Every structure is written in C-alpha cells, then in structure tokens.
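No lab work stands behind these numbers, since they all come straight from the coordinates. Bear in mind the structure is a predicted one, so any value in this text is a computation, not a measurement. Positions of Cβ are backbone-derived with ideal geometry, glycine not excepted, and every protein chain shown enters the neighbour counts.
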C-alpha cells in the first residue's frame, strides 16, 4: 500500500505493503524448524535493532507471510510503527513518473524520443535538443534543482526559471548527472499530454488498474496521525 505526496519533487510515501530494503545488518541463520513467516519476522526484528523503521507486507503465492510494523512512526513521542503507518520514500517516486511517461507512449500519445520543446513552451534554443529519454535517464545536462529551494515561485515559474537561466552541465546525451528538476519537467509533461493533474493520472492509469487501492498522494483522506515523522 502506498501514498504519494503531491510535491514538485514527487516524493512518494508508502503505506504498509510497499517495501524496498537494503540493510547492512548481519543475517543469522534461522532455526531449521522455523517457517518462512517466523524467519522473516525475526530478520526484520534484527533490522529494527539496527535502526530500521517501516511498515512491511510480504506476499508470496497469494499468501500474506508478513504484515507488521517495525521501529518508530514518531521516535520523539515514542509512537511505534504499525502496518498502517505511512512512510516517506523520497525519490522512489521517480519510478511512477517514468512509468506514467511509458504508459502515455504505449497509448501513442508521445514518444520518449520527442524533444521536450514539443510539450513545453519555455525551452530556449540551446536546450531544444533535449528529449524525454534524456530526462528519464538523467542525461539531459540540466541542473539538479528543487521547487523546495524556490518557494517564492509558483511551480510553473520555478520550471521556467531553471530552464531559462544558467548553462547546461553537459551536452544532452553525453553524461549522466542526476536531476530532480528533470523529473519535475516530466511530471509537467504528463499533465500536458494527459490533460489532467499528475496525481490524478497516476491514480487512474497506474494505481487503480494494479489494484493498489491504498496508493496515492497524501491528500486529505489520509489522517496526519498515520504519517510517520522524519527522525
């Protein structure tokens, strides 16, 4: 289960069933007679001892092997995580933006080879060769910027300002350089092509068809008490 916050950096927050774990804790061998559910629970308890907090659901063969909360939802106030706690997952949301672009391509509404100027009217001549593929692969040469850094601007003004000021870090397609701004542009292109808000498109075209009923943006239907505090 997942929730996504409607911010320009497209920060996703995942509820319950979403898990991406890369933890450096040593994994001791479980007792030979322990079943998979017990082994998994004990493994996450060890992760928890190393500071892991999360809502974990593991499903295999249609069976739920694990559905537990580990660590803290609010460490400062001693609130434990539960299977229903909503956690921020930051840039993992970029996979949803990329998938939205690919869905639109599959529908014949755009091509990843298209130049971004096809959909955005503020791309200067020197940056006209940038394609959607460049944005998707962080090879556009555009800077790494956040709307958070420009809160005095509207979202559209922020997108225009970054595009029309400064030079490219490299020629498009020649070097990899991570760019949150590039994915902000992709989110805007999704809206232009789909004719609806980014969040609405993801819900209708990705989450609902996949049966992800608890995936979406952190909009009012999610109570603040369910959202984990960063710590």
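The mean sequence distance of close C-alpha pairs (under 8 Å, at least 6 residues apart), as a share of the length of the range 93-207, puts its relative contact order at 33 percent. Residues 74, 148, 121, ranked from the fewest to the most other C-beta atoms within 10 Å, line up as 121, 148, 74.
In terms of other Cβ atoms within 10 Å, 76, 229 run from fewest to most in the order 76, 229.
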